[in-house]
1. Can you tell me which residue among A:Gly46, A:Gly34 is within 9 Å of chain B (Cβ to nearest Cβ), under 15 Å from B:Pro90 (Cα atoms) and in contact with a His (Cβ under 7 Å, 6 or more places away or on another chain)?
2. Just name the residue that is nearest to the chain's Cα centre (by Cα) out of those in region B:13-45 that are within 18 Å of A:Val41 (Cα to Cα) and within 9 Å of chain A (Cβ to nearest Cβ).
3. Within region A:25-48, track down each residue that is assigned to a helix (DSSP H, G or I) and among the aliphatic types (A, V, I, L, M).
4. If a residue has to be within 18 Å of A:Val67 (Cα to Cα) and either more than 7 Å from every other protein chain (Cβ to nearest Cβ) or in contact with a strand residue (DSSP E or B) (Cβ under 9 Å, 6 or more places away or on another chain) (or both) to count, how many in region B:51-99 make the cut?
5. Residues that are modelled with pLDDT of 95 or more, surrounded by fewer than 17 Cβ atoms within 10 Å (Cβ to Cβ) and β-branched (Val, Ile, Thr): does region A:75-96 have at least one?
6. Across region A:37-70, which residue is modelled with the highest pLDDT among those that are among the small types (Gly, Ala, Ser) and in contact with a Phe, Trp or Tyr (Cβ under 7 Å, 6 or more places away or on another chain)?
7. Can you name the residue in region A:49-67 that is in a loop (DSSP other than H, G, I, E, B) and over 12 Å from A:Ser126 (Cβ atoms) and is also farthest from the chain's Cα centre (by Cα) among such residues?
Amino acid sequence: MEIPYTVTPRSDTGIFNAKLGIWLFLATEVMLFGALFSSYVLLRVGAPTWPHGYEYLNIPLATLNTVVLITSSVTMVMAWASLMMKSLRRFRVYMGLTILLALVFLVVKGFEYGAKFEHHLYPSESTFLAIYFTLTGLHGLHVVGGVIVNLYLWGPGKAMWERQPERFTNRVEVAGLYWHFVDLVWIFLFPVLYLL
Amino acid sequence: MEQANTEAIKKHVRAYVVVFVSLMALTIITVAISTLHLEMYWAIAVALIIAGIKASLVAAYFMHLISEKKVIYAALTLTVVLFIALMTLPVSHFVDRGI
């Protein structure tokens, strides 16, 4: 069966179906992270003492990761723009960069986690570390998910470009919307956990 | 038509570069301000305002929310209302303590 409205917009919504789909999914994601942020605030205002992020966490590394993730958002949107300008070659370069930057983010995160574990700082150590690992861990899983989808689009998924270029472009746009959301979550996680 | 489309995309790309530079600058600013160790209320206000600006830039330009269809705005309006409701839940802490 042919999937409807992968390219042409639906007359009632004015957009192709996957775009509405991803936005509804992102709305649920806002609530997922919102619930955790809300829990963070409640735990923090209820705690007798709360450490400053910089006492436990490595701010230079987290700043580096912020720069890496923001850059990956730019390369992602450039990957989409390349397809809009009919260049699969440039799409592959930008999408490749996006994937590489995401992997750099994960490696840096890995070093951060490793340094904590070396000092026997586990989630069970304190409420601060528990919510830190929960929030950054869930965010890290989202990065992994994005890498998997982007790798597919960069590799085998690009075969669609030959037969249905507009549909493929829409796929990349939808993957991009997800990726920018992951960036957006980090934009809040970074000051909340590290700087305050 | 095709040519006009390419021109429009090129305009987008220029906007992406400006947004990218702004995001980098705001990242440096927020880290720099955090080293001043302001009083907690000010530190929270400044950090959240800067994060809010950065998030708005990403949403408006990279996610194209600046020119989207009504149905997406409708879904997001509901999301924002529910998100605010979630964020006001910790207020119950103060109510509990009778403050």
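1. A:Gly46
2. Residue satisfying both the conditions and the ranking: B:Ile44.
3. Start the filter on region A:25-48 by keeping residues that are assigned to a helix (DSSP H, G or I), which leaves A:25-46.
Across region A:25-48, the qualifying residues are A:Leu26, A:Ala27, A:Val30, A:Met31, A:Leu32, A:Ala35, A:Leu36, A:Val41, A:Leu42, A:Leu43, A:Val45.
4. 5
5. The answer is yes; a qualifying residue exists.
6. That would be A:Ala62.
7. Out of the qualifying residues, it is A:His52.
The values are calculated or read from the model by the stated rules, or taken from the named source; none is laboratory data. Because the structure is predicted, anything quoted here is derived from the model rather than measured. Cβ atoms come from the backbone with ideal geometry, glycine included; neighbour counts cover every protein chain shown.
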